Amino acid sequence: MIIYDESAKSFYLEGKNFTYALRVTPDGYLTKDYFGKKIARADLGYYKPEWVKSFNPVIPGSKALFADIMQEYATAFLGDYREPALIPCDGRGVKIADLKYDSFRLSPEKKPVSSGIPTARGGETLEITLRDFDSGLKVILYYTVYPDLGIITRRAETVNGTDGEIKLERALSFTLDLYDSDFELLTLWGHHAAEKTPERIPLHHGRTTVGNVRGTTSANHAAFAALVRPETTEEQGEVYASALLYSGSHYESAEVDEAGRTRLCAGINPESFGWTLSPGESFETPEAAICYTDEGIGGMSRAFHDFFREYVIDPKWAKRRRPVVLNSWEGMHFSFDHDRLFDTIDALRGSGIELFVLDDGWFGARSNDKAGLGDWYVNEEKLPGGLRAISDRCRENGLEFGLWIEPEMVNPDSDLYRAHPDWAITVPGRTPVASRNQLVLDYSRPDVLSWIKETMYRVISEAGVSYIKWDMNRPLTENFSRFLPAGRQGEVQHRFVLGMYELARFLTESFPDILFEGCSGGGGRFDGAMLAFFPQIWTSDNTDADDRMQIQYGTGLVFPLSASSNHVSLSPNIRNGRIIGAQTRTDVAFLGTFGYEFDVRKYPADEYARIAADVEKYKKIAPLVLEGDVYRKGMRPRDNACVISVVSKDKSSAYVTFYQALNPHKTKPRFTVPGLDPDRLYRIEELDLTLPGSVLSQLGLVIPRFRGDFCTASFLLTAV
Ligand code: GLA
């Protein structure tokens, strides 16, 4: 609910469990009065901490200090010296935006953005217009409240209402001022094959920042940051978190000032950004989903999961069980031909697997990663009869067919690059910087974008597929486009991201029945904006079940299990040689969108034989895994054992996975089950037990000893 109280000049944004209160000060500034656990509506103007007493700039014509305002969208160089959201620069080099309250508008429906950046669906939206009455620059702040969740979304639009050009040097999505600094900062760092490792550190006076300038979300830092109280645990305590719906270079920062206040902000990374606005033009920032909860890290995860499932992922796919795939990559890499593919497809008949994905290597001169990207024609030498023949073979065997593409890239060793070297992001006169032997196509160029749209449309419509895996295997470098004038080169990265969204929107809308899976060397571009196009994303190239417990945990802190694509692969694991049994590998992959990735010729017969039953089991648990609420105990690698409990919304059933890394001497595995209704009785068929939820969550279960390390036990609980 959003309420404006004229007498208090205050806005109250009220969600399920929070109040977000804003007020217009007597000097005309928009200040944040409060954000936190829901409170009664009151005039909060009485609360005047007057933080920063001495030697601080005074608002002209007033006695108040700039530094005392809890600026809703902070600007710089007037006297609030904390991190700004916006730095505009006019033709004289003046970088001031003295933003005062102008007006507001309440709309029952959220307005779509015109830049093409995906935003969450939603209802009641508040637009507050701030204006620099001297220059004419305008900023519109958008707030959408999700009344059933502890979440609001925020974004900002800067309108050049001046009569000259304005260059934006930064335009973050939000600043969020809080009264104290009794927080730790929780972020998710990582690298290829080790994505989304939680890191929790105390704040200090000054700024603590994460982010990257790679031009893509990246495996190195997720576009996420949370302020958590030092005492906050998995199930208790306050959390203020931001998840950005953006897939380019991002930036998250928490600053503690000399008055002990904290300012959290997030948005496009200013280091690799600049944007020129002609008079009348506007710039829209990505949207941030901001969560408040006092139910701990778990409460935050459940709020984000609901948010992405209900308001971001296409409702057609969000809660639908996706086909169980066999992906060709780990099993074959580039070494396949017609016969090997046909043998694989034939071997899958009746296995339980529902869709075969032909990964990298089917096009151009692509027999390794050195050549062929950009030449999106099937390699008829390798695959006589083309993709249709493979697709037909799949259907004859009762399978659907899926295909890998990497549309944003080009190998210098390709016909495309030989014909259009200027289509890649490189600098004339300098040797192009390659990564995985490839360059990035310049999507800020309309000609490149229309070529790739046509090309991908042709590939997808001819291939006979019901699934596409869209990969992106290198970050941006050079950040230079031949298409843009010198003064606009700061726009390259963001224009690239906008071009990518345009292509993603075009293809997903052109092929509404095709399931798109995102990928970027694993989970390198696992962010809220990609989920608007791709209901599932390949979580990591690391399929080792133990490493994966950590990677899936970190991913699941923010993103729903339904979005996390997980595959069972061969043991010993191809990446780290770890030997883990089929049961564990399957149970771990069950905690998301389930599939396989192995060489059928090497897969042990007993493991192959269990696939059909495992797929049947997955079909049974999928509604819980894809729609339920997640409760966790412990995390790998910090803890030897952990529990993941996925509970239906009405608490009538739960699917519980217990994971133990090393097998301790003597003691049997013991664990409690979080998330159940304490007052209901639950039947656990596998253990022939019926127990109250309170007993299961307090005393818990004891199960027989495992034989060996890296073991799981999983149970379906049904309320009786
Ligand atoms: C990336 C992906 C893999 C696979 C390869 C193909 O590494 O993450 O799953 O598709 O590219 O080159």
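The values are calculated or read from the model by the stated rules, or taken from the named source; none is laboratory data. This structure is a prediction, so every number in the text was calculated from the model and none was measured. Reconstructed Cβ throughout: ideal geometry from the backbone, glycine too, with neighbour counts over all protein chains shown. Accessible surface is based on the protein model in full, side chains and every heavy atom, while ligands, DNA and RNA are left aside. Shrake-Rupley method; radii C 1.70, N 1.55, O 1.52, S 1.80 Å.
Can you tell me what share of the DSSP beta bridges in region 466-594 is antiparallel? A percent to the nearest 5 is fine.
Antiparallel bridges make up about 10 percent of those DSSP assigns within region 466-594.
Could you tell me whether region 641-719 comes out rounded, prolate or oblate from its Cα gyration tensor? Rule is a ≥ b ≥ c as square roots of the eigenvalues, rounded for a/c under 1.5, then prolate if a/b exceeds b/c, otherwise oblate.
Taking the square roots of the gyration eigenvalues as a ≥ b ≥ c, region 641-719 is prolate.
Between helix 296-307 and the chain, what is the angle of the helix's C-alpha long axis to the longest principal axis, kept within 0 to 90° and rounded to the nearest 10?
80
Would you mind checking the tilt of helix 545-556 against the longest principal axis of the Cα atoms of the chain, expressed as 0 to 90 degrees and rounded to 10?
Once rounded, the angle reads 30 degrees.
Rounded, prolate or oblate: which one fits region 93-140, using the alpha carbon gyration tensor with axes a ≥ b ≥ c (rounded when a/c is under 1.5, else prolate when a/b beats b/c, else oblate)?
oblate
Order these peptides, 465-471, 41-47, 64-70, by their mean beta-carbon neighbour count within 10 angstrom, highest first.
So the order, starting with the most tightly packed, is 465-471, 64-70, 41-47.
Would you mind telling me the share, in percent, of accessible area of region 641-719 contributed by carbon and sulfur at probe 1.4 angstrom?
Carbon and sulfur atoms account for 55 percent of the accessible area of region 641-719.
With only Lys, Arg, Asp and Glu charged, each at its Cβ (+1 for the first two, -1 for the last two), find how big the charge dipole of the chain is about the Cα centre; round to the nearest 20 debye.
The dipole of the chain has a size of about 980 debye.
On average, how much accessible surface per residue is there in region 323-627, in Å², for a 1.4 Å probe, leaving out ligands, DNA and RNA?
32
Rounded to the nearest 5, what % of DSSP beta bridges with both residues in the chain are antiparallel?
Given both bridge residues lie in the chain, the antiparallel proportion sits at roughly 80 percent.
With a ≥ b ≥ c the root eigenvalues of the C-alpha gyration tensor of the chain, is it rounded (a/c under 1.5), prolate (a/b larger than b/c) or oblate?
Since a/c reaches 1.5 but b/c is at least a/b, the shape of the chain is classed as oblate.
Which value, in debye to the nearest 20, gives the size of the charge dipole of region 323-627 about its Cα centre, when Lys and Arg are +1 and Asp and Glu are -1 at the Cβ?
Using only the charged Cβ atoms, the result is roughly 440 debye.
Which entries in the list Lys32/Lys649; Lys167/Lys453; Lys111/Lys138 go over 23 Å, if you measure between the two C-alpha atoms of each?
From the list (Lys32/Lys649; Lys167/Lys453; Lys111/Lys138), the Cα-Cα distance tops 23 Å for Lys32/Lys649; Lys167/Lys453.
Based solely on its DSSP helices, what 222 nm [θ] is calculated for the chain when runs of n ≥ 4 H residues each add -39,500 (n - 2.57) and the sum is averaged over all residues, nearest 500 deg cm²/dmol?
The helix contribution divided over the chain gives -5500 deg cm²/dmol.
Hey, got the Cα dimensions of region 323-627 along the principal axes, in Å, largest first?
That works out to 61, 45, 37 Å along the principal axes.
Taking Lys38 as the anchor, which lysines have their alpha carbon closer than 16 Å to its alpha carbon, excluding any fewer than eight residues away along the same chain?
Lys16
For helix 338-347, what angle does its Cα long axis make with the longest principal axis of the chain, in degrees from 0 to 90 and rounded to 10?
The angle comes out at about 80 degrees.
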